[in-house]
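Structure first, then comments.
The values are calculated or read from the model by the stated rules, or taken from the named source; none is laboratory data. What you see is a predicted model; the values in this text were computed from it and never measured. Here Cβ is always computed from backbone atoms with ideal geometry, including for glycine, and neighbour counts include all displayed protein chains.
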Amino acid sequence: MEGIRFEHPELFHLLVLLPVFLLLFLVSRWLRKRSLRRFGRMESLVGLMPWVSGRRPWVKIFLFLCAWTFLVLAAVNPQQGSRLEEAKREGVDIIIALDVSRSMLAEDVQPNRLERAKRSVSRLMDRLEQDRVGLVIFAGSAVTQVPLTTDRTAARIILQTISTNSIQQQGTSIKSAIERAMASLPDDGKNRALIIISDGENHLDDPVSTARQAKQHGITIHTVGVGTPGGAPIPIYRNNRPAGFLTDKQGQTVVTRYDEAMLRQIAEAGGGTFTAGSGADLGLITLLEEIRKMEAETYDQLVFSDYESRFQYFVALVLLLLVLDIFIFERKNKWLDKIRLFPI
């Protein structure tokens, strides 16, 4: 599939004027009717103005709005890639392992642990340049959600769809996340990094020994903690509405606590650093700067080298709509009415 890009995407903001134009039109129509009511009832005035059309102004404003839309598209200038070539890129391979277990719904950080983590990862992706990023999600098991890619837009779109329902097997297996990340990273890479974002509660296995294995394979593991030491209950939702909190077999409310010690052990075993998540980005931007100090990896990537502008098609549509607008008068024309070019 050929690549498409926009030369001036910032001009898309001009589309916000569409509702403004429509509002001005509606106000003018309302003022016109109010002025006419001073001369009598509208039913009587219609007979005195046989050549006044009530529909034609609506057709004209519709044509104008369409013309404005196509004019903006012409200014944005969509461009279509016409030739692929192989290019050398340098960057770091980063896998982000995101905890999606139910404990991540705790609201000791706002709006909750998972949403805060997702927003932080999105901010991190905005800072990536030629680095490749992949996304692994884990709870009782782990799944590669986004393989290594430089397409940050696609990665962010997939990131927004992630929830605690993305993995059916509940629990928290950080070991599975590390193993899945190892399988997602190339074996011949020089410097590869894994960022684990979790509240640290690990119920199913021993991730520390697996972190040591990852380090032996040249993968540096960093951990980022999400939550507070005091913890918080885990909310339950039914039909997207709060329905209380998770309880144990004795009916006691389960409180999920942030396990900093476990995350520190994993980072130490993996040769990386532990970050107590804070701020809007949970410290990920600072961590990225540290990761970038590693030697960059060189890899091949297919990119479009030639792009052809397509603005002329939209200009042609604008001209066509303006010509139509010229031939449509707000008042009825007896000659055109006989020809019935516009039966309105």
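What the table shows:
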read-out: Candidate set: the range 243-296, residues that are of a type in the set (S, T, N, Q) and not in a strand (DSSP E or B); chosen: the one surrounded by the fewest Cβ atoms within 10 Å (Cβ to Cβ); value: Gln250
read-out: Residues of the range 142-184 classified as surrounded by fewer than 17 Cβ atoms within 10 Å (Cβ to Cβ), without any contact (Cβ under 8 Å) to a residue 40 or more places away in the chain and of a type in the set (Ser, Thr, Tyr), total; value: 3
read-out: Verdict on Arg212 being within 21 Å of Gln170 (Cα to Cα), of a type in the set (Lys, Arg) and in contact (Cβ under 8 Å) with a residue 24 or more places away in the chain; value: no
read-out: Selected residue (criterion: farthest from Ser101 (Cα to Cα)) from residues of the range 159-173 that are part of a loop (DSSP other than H, G, I, E, B) and under 15 Å from the mean Cα position of the chain (by Cα); value: Thr161
read-out: Condition met for Thr223 (part of a strand (DSSP E or B) and in contact with a His (Cβ under 9 Å, 6 or more places away or on another chain)); value: no
read-out: Any helices (runs of 4 or more DSSP H) falling wholly within the range 1-117 and containing at least 3 residues that are at pLDDT below 95 and surrounded by fewer than 15 Cβ atoms within 10 Å (Cβ to Cβ); value: 17-36, 42-48
read-out: Count of the range 233-270 residues which are at pLDDT 90 or above and among the aliphatic types (A, V, I, L, M); value: 6
read-out: Residue within the range 206-225 that is within 29 Å of Gln130 (Cβ to Cβ), modelled with pLDDT of 90 or more, of a type in the set (D, E, K, R) and touching a Gly at 6+ places or on another chain (Cβ under 6 Å) present; value: yes
read-out: Matching residues, the range 118-158, being in a loop (DSSP other than H, G, I, E, B), over 22 Å from Met294 (Cα atoms) and out of contact with any strand residue (DSSP E or B) (no Cβ under 8 Å at 6 or more places or on another chain); value: Gly140, Ser141
